[in-house]
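Enquirer: Take a look at the following structure, please.
The values are calculated or read from the model by the stated rules, or taken from the named source; none is laboratory data. It should be emphasised that the depicted structure is a prediction, and the values quoted were computed from it without experimental measurement. Reconstructed Cβ throughout: ideal geometry from the backbone, glycine too, with neighbour counts over all protein chains shown. Accessible surface is based on the protein model in full, side chains and every heavy atom, while ligands, DNA and RNA are left aside. Shrake-Rupley method; radii C 1.70, N 1.55, O 1.52, S 1.80 Å.
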Amino acid sequence: MPPRRIGDDFDADSDSDVSILDDLEDVGRARGKGKGKAIDRRRKDKGKGKAKEQPYAWEASYTRSWDTVQEDEAGSLQGAVQDLIARGRRRRLLAPATAIRRTIIRHLILVLDLSSAMMDRDMRPTRFDLMLQYAREFIVEWFDQNPLGQIGIVGMRSGLGERIGEMTGNPQEVLKAISERHKLEPNGEPSLQNAIEMARSTMSHLPTHSSREITVIFGSLTTCDPGNIHDTLESCLKDRIRISVVALAAEMKICRDLCDKTGGQFGVALNEGHFKDLLFELIPPPAARALARTGSGAPANPAADLMMMGFPTRLPDTSPPALCVCHSQLKSEGFLCPRCRAKVCDVPTDCDICGLMIVSSPHLARSYHHLFPVKAYQAVMALVDTPSPAPGCHGCAQLFEKMASTMTNTTEGMSPLGRYRCPDCHNDFCTDCDVFVHDVVHCCPGCGK
């Protein structure tokens, strides 16, 4: 092969031309020593080292997370703990105080990204393991606050949509579907369109009074779709499906469009804690949408203000075994449909024989706290206006501190006295009871509201 000439096929602005010319000059000056090649090799290695030393932004925030924890003069971390509580209080105070019409009968399809991008280690231990851990916690909390809802699981792997778990109202069955890690090993590229189409077909038979929601945990920067995903978006708009996306890599325009046009939420997780916050923000039921109206003034899709439900009869362990209509298995325990007397395993569910929605009264009662939330307690800054303040908390009877705390930042909604007063019954509660009432009990123990 004849040697290449220097003037052939070279770009004047290319860095490689300059390095080759430098090599030739160095070789001409000291033949056989290879100084020019050694200099270029050191330059390249130095550039690679700089690229390796520069971490991602979320990795830097993870490795230096201790900088956010500030100790006081005595070396206590109480100020950092109070700051976390204050963030929760600010989030509750920003919530709308008026009652909002919400959909308490929810149907959710959780779409998990099982592509090879989920094996990245920018989130510890990997994106895949962290997603499974938070998905389990999300399912447990979601069913606790939405006992009348149902969840199904769909995975995105190798350019296809896989049905991992059928839609059910039993949290144990949903957790069992994602418990076997070896069956969910990431592989290939995700297909956002195939997963959404599978989720849409699963919810096509649902009634109009229930919400249809899709929550996508997306860790890839690409999507391998067989067709036009915008046609799928239009189909979701016609079926009134709300799509929310929690991205682990970066923002994609198609993900933003899916959320904005369907009324969902979109967020990019910066770190592990932010990922959990974005996911758990989707637990409360969304506000009901306004109905589109036709030219005659009547609503195009009338909503059902009154829904027919059935309260079943529970069968004990000692009852004779009978076939259930949901699994076709002989079981002693179960519930009898009040209309057709068919046997089902769990509630809430829809009867496979007559189609009646079967619920239990405790589940129905627990769903109402979203419709009538507890009012935010007011932070007590001073006891000047209170003639006879209560010595202890109305909830746990713990005594309040007589001296105001100097570490509390009053500008963030925290009381220096540790007192928080209900605006209706005017009883004082401590910080722990304030958080417990609004996050767990959802009912004020003083006034019963």
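Enquirer: Could you go through segment 272-284 and let me know if any residue there is open to solvent by 10 Å² or more (accessible area, probe 1.4 Å), part of a loop (DSSP other than H, G, I, E, B), in contact (Cβ under 8 Å) with a residue 60 or more places away in the chain and touching a strand residue (DSSP E or B) at 6+ places or on another chain (Cβ under 6 Å). Show your work before the answer.
Expert: Quick first cut of segment 272-284, residues open to solvent by 10 Å² or more (accessible area, probe 1.4 Å) only: 272-274, 276-278, 280-282, 284.
Cutting the leftovers down to part of a loop (DSSP other than H, G, I, E, B) gives us 281-282, 284.
Among the residues that remain, those that are also in contact (Cβ under 8 Å) with a residue 60 or more places away in the chain are: 282, 284.
From what's left, touching a strand residue (DSSP E or B) at 6+ places or on another chain (Cβ under 6 Å): 282.
Checked against the condition, which is being open to solvent by 10 Å² or more (accessible area, probe 1.4 Å), part of a loop (DSSP other than H, G, I, E, B), in contact (Cβ under 8 Å) with a residue 60 or more places away in the chain and touching a strand residue (DSSP E or B) at 6+ places or on another chain (Cβ under 6 Å), segment 272-284 yields at least one hit.
Enquirer: With respect to residue 177, is the statement that it is at negative phi, within 21 Å of the chain's Cα centre (by Cα) and touching a residue at least 40 places away in the same chain (Cβ under 8 Å) true? Give the steps one after another, and end with the answer.
Expert: Numbers: at negative phi: yes; within 21 Å of the chain's Cα centre (by Cα): yes; touching a residue at least 40 places away in the same chain (Cβ under 8 Å): no.
So residue 177 does not fit the description; no.
Enquirer: Hey, any hits in segment 299-311 for a residue that's modelled with pLDDT of 90 or more, over 15 Å from residue 170 (Cβ atoms) and assigned to a strand (DSSP E or B)?
Expert: Yes, segment 299-311 has at least one match.
Enquirer: Could you check residue 168 against (1) β-branched (Val, Ile, Thr); (2) modelled with pLDDT of 90 or more; (3) over 25 Å from residue 254 (Cβ atoms) and say which number it fails?
Expert: It fails just one condition, (2).
Enquirer: Still on this structure: Quick check on segment 192-208. Is at least one of its residues in a loop (DSSP other than H, G, I, E, B), in contact with a Ser or Thr (Cβ under 8 Å, 6 or more places away or on another chain) and farther than 15 Å from residue 165 by Cα?
Expert: Kept after step one, since they are in a loop (DSSP other than H, G, I, E, B), are these residues of segment 192-208: 203-208.
Add one more test, that the residue is in contact with a Ser or Thr (Cβ under 8 Å, 6 or more places away or on another chain), and what stays is none.
No, because not a single residue in segment 192-208 is in a loop (DSSP other than H, G, I, E, B), in contact with a Ser or Thr (Cβ under 8 Å, 6 or more places away or on another chain) and farther than 15 Å from residue 165 by Cα.
Enquirer: Taking segment 209-227 only, how many residues are among the hydroxyl-bearing types (Ser, Thr, Tyr), outside any strand (DSSP E or B) and open to solvent by less than 20 Å² (accessible area, probe 1.4 Å)?
Expert: Residues meeting the conditions: 2.
Enquirer: Same structure, new question: For segment 203-224, which positions are hydroxyl-bearing (Ser, Thr, Tyr) and farther than 20 Å from residue 263 by Cα?
Expert: 220, 222, 223
Enquirer: Any idea which residue in segment 363-382 is farthest from residue 287 (Cα to Cα), counting only those that are without any contact (Cβ under 8 Å) to a residue 40 or more places away in the chain and either touching a strand residue (DSSP E or B) at 6+ places or on another chain (Cβ under 6 Å) or part of a loop (DSSP other than H, G, I, E, B) (or both)?
Expert: To start, the set of residues in segment 363-382 that are without any contact (Cβ under 8 Å) to a residue 40 or more places away in the chain comprises 365, 381-382.
Checking which are either touching a strand residue (DSSP E or B) at 6+ places or on another chain (Cβ under 6 Å) or part of a loop (DSSP other than H, G, I, E, B) (or both) leaves us with 381-382.
Values: 381: 34, 382: 37 Å.
Only one residue fits best here, namely 382.
Enquirer: Take segment 321-358 and flag every residue that is open to solvent by 60 Å² or more (accessible area, probe 1.4 Å) and not in a loop (DSSP other than H, G, I, E, B).
Expert: Within segment 321-358, 323, 330, 331 meet the criteria.
Enquirer: So which strands (runs of 3 or more DSSP E) are wholly in segment 93-187 and hold at least 1 residues that are of a type in the set (D, E, K, R), more than 28 Å from residue 306 (Cα to Cα) and open to solvent by 10 Å² or more (accessible area, probe 1.4 Å)? First the steps, then the outcome.
Expert: On the way: elements: 106-113, 150-157, 160-168.
By residue number, 150-157, 160-168.
Enquirer: Next up: Scan (1) within 24 Å of the chain's Cα centre (by Cα); (2) more than 23 Å from residue 320 (Cα to Cα); (3) open to solvent by less than 30 Å² (accessible area, probe 1.4 Å) for the single condition residue 366 breaks and write down its number.
Expert: (3)
Enquirer: Which one of these is closer than 24 Å to residue 283 by Cβ and either open to solvent by 60 Å² or more (accessible area, probe 1.4 Å) or modelled with pLDDT of 90 or more (or both): 439, 385, 434, 428?
Expert: Unique residue meeting the criteria: 439.
Enquirer: Can you name the number of the only condition in (1) within 28 Å of residue 318 (Cα to Cα); (2) of a type outside the set (A, V, I, L, M); (3) loosely packed, with under 13 Cβ neighbours inside 10 Å that residue 448 fails?
Expert: (1)
Enquirer: Return the residue satisfying two criteria in turn: it lies in segment 393-408 and is over 20 Å from residue 440 (Cα atoms) and exposed (fewer than 13 other Cβ atoms within 10 Å of the Cβ), and of such residues it is modelled with the highest pLDDT.
Expert: The residue in question is 399.
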